[in-house]
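Peer 1: The structure follows.
The values are calculated or read from the model by the stated rules, or taken from the named source; none is laboratory data. Model, not experiment: these values are computed from the prediction. Because the Cβ atoms are built from the backbone with ideal geometry, glycine has one as well, and the counts that use them run over all protein chains shown.
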């Protein structure tokens, strides 16, 4: 199916502020970018590079005062995510080299400290896809979704102790639990069709059966179309923007996802 996705971010900058943005989706195996628009107001020069996780990153210096970033894209994606119950666990020694980084503990995913919790969450599920599905469901059942919770990222251990969080926190815990069982897992940020309330969303992917599969512990019943903006080890790798200097807080962010007829 084809989606039109995008966002408008308005921010007040107290002084010239270097920014790194991750707001352009990239064509790949699971999505194809048909067209896109990217506007900066006031206009400033911007450059782009690809980071170590394959994300498109935009570099610029925002001027003092009100600064607005507007993005939109038409994207071809699958109408729903693939489900592969029974897809097997891939032994560590046979994993592709580029996948190994997603086995390691990271800043917000302390997988080396959650082994017992991971075994509880996976239960008696078969190794591989079924274990990940069990973990995702366990996280959904054991955490309370609170959109007004701490806006700063918290680690998997912290969210497990708190028992609540936002989509980013649910994903952190699920990723850490998968890695504890030697299943590569990565965090993903992007757009989800029919998300309520509409916003940018976070979920995770796990590598089983020789490919990456999508899991969403915050919205397990929403198997709608998704558009990936960025992927990485955890939230530290995939912020909507990184700013350098005095704090910059978005004054407003509007997000939209619209189905389009072919």
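Peer 1: Filter the range 67-83 for residues that are surrounded by 15 or more Cβ atoms within 10 Å (Cβ to Cβ) and farther than 30 Å from residue 17 by Cβ and give the result. Can you show your working first?
Peer 2: Step one: list which residues in the range 67-83 are surrounded by 15 or more Cβ atoms within 10 Å (Cβ to Cβ), which gives 67-77, 81.
Once the filter is applied, which keeps residues that are surrounded by 15 or more Cβ atoms within 10 Å (Cβ to Cβ) and farther than 30 Å from residue 17 by Cβ, the range 67-83 yields 74, 76, 77, 81.
Peer 1: Next up: Among the residues of the range 227-262, which ones are at pLDDT below 95, within 25 Å of residue 51 (Cβ to Cβ) and not in a loop (DSSP other than H, G, I, E, B)?
Peer 2: 241, 242, 243, 250, 253
Peer 1: What number goes with the only condition from (1) more than 19 Å from residue 78 (Cβ to Cβ); (2) touching a helix residue (DSSP H, G or I) at 6+ places or on another chain (Cβ under 9 Å); (3) modelled with pLDDT of 95 or more that residue 153 does not pass?
Peer 2: (3)
Peer 1: Considering only residues that are in contact with a strand residue (DSSP E or B) (Cβ under 8 Å, 6 or more places away or on another chain) and either modelled with pLDDT under 95 or within 13 Å of residue 181 (Cα to Cα) (or both), which ones fall in the range 90-106?
Peer 2: 90, 102
Peer 1: Return the total of residues in the range 50-96 being within 18 Å of residue 130 (Cα to Cα) and over 21 Å from the mean Cα position of the chain (by Cα).
Peer 2: Going through the range 50-96, the residues within 18 Å of residue 130 (Cα to Cα) turn out to be 81-92.
Checking which are over 21 Å from the mean Cα position of the chain (by Cα) leaves us with 85-92.
So the count comes out to 8.
Peer 1: Now a separate question. Go through the range 42-57 and give me each residue that's loosely packed, with under 12 Cβ neighbours inside 10 Å and in contact with a strand residue (DSSP E or B) (Cβ under 9 Å, 6 or more places away or on another chain).
Peer 2: 42, 45, 47, 49, 50, 52
Peer 1: For the range 52-84, give me each residue that is free of Cβ contacts under 8 Å to residues at least 40 places away in the same chain and assigned to a loop (DSSP other than H, G, I, E, B).
Peer 2: Of everything in the range 52-84, just one residue is free of Cβ contacts under 8 Å to residues at least 40 places away in the same chain and assigned to a loop (DSSP other than H, G, I, E, B), namely 52.
Peer 1: I've got another one for you. All but one of (1) in contact (Cβ under 8 Å) with a residue 24 or more places away in the chain; (2) surrounded by 14 or more Cβ atoms within 10 Å (Cβ to Cβ); (3) touching a helix residue (DSSP H, G or I) at 6+ places or on another chain (Cβ under 8 Å); (4) in the same structural domain as residue 178 (by TED's automatic domain parsing) hold for residue 87; state the number of the condition that does not hold.
Peer 2: In the conditions (1) in contact (Cβ under 8 Å) with a residue 24 or more places away in the chain; (2) surrounded by 14 or more Cβ atoms within 10 Å (Cβ to Cβ); (3) touching a helix residue (DSSP H, G or I) at 6+ places or on another chain (Cβ under 8 Å); (4) in the same structural domain as residue 178 (by TED's automatic domain parsing), residue 87 misses (4) alone.
Peer 1: Looking at the range 27-51, which of its residues are assigned to a loop (DSSP other than H, G, I, E, B) and either at pLDDT 95 or above or not assigned by TED's automatic domain parsing to the domain that holds residue 247 (or both)?
Peer 2: If the condition is that a residue be assigned to a loop (DSSP other than H, G, I, E, B) and either at pLDDT 95 or above or not assigned by TED's automatic domain parsing to the domain that holds residue 247 (or both), then 27, 42, 43, 44, 45, 51 are the ones that fit.
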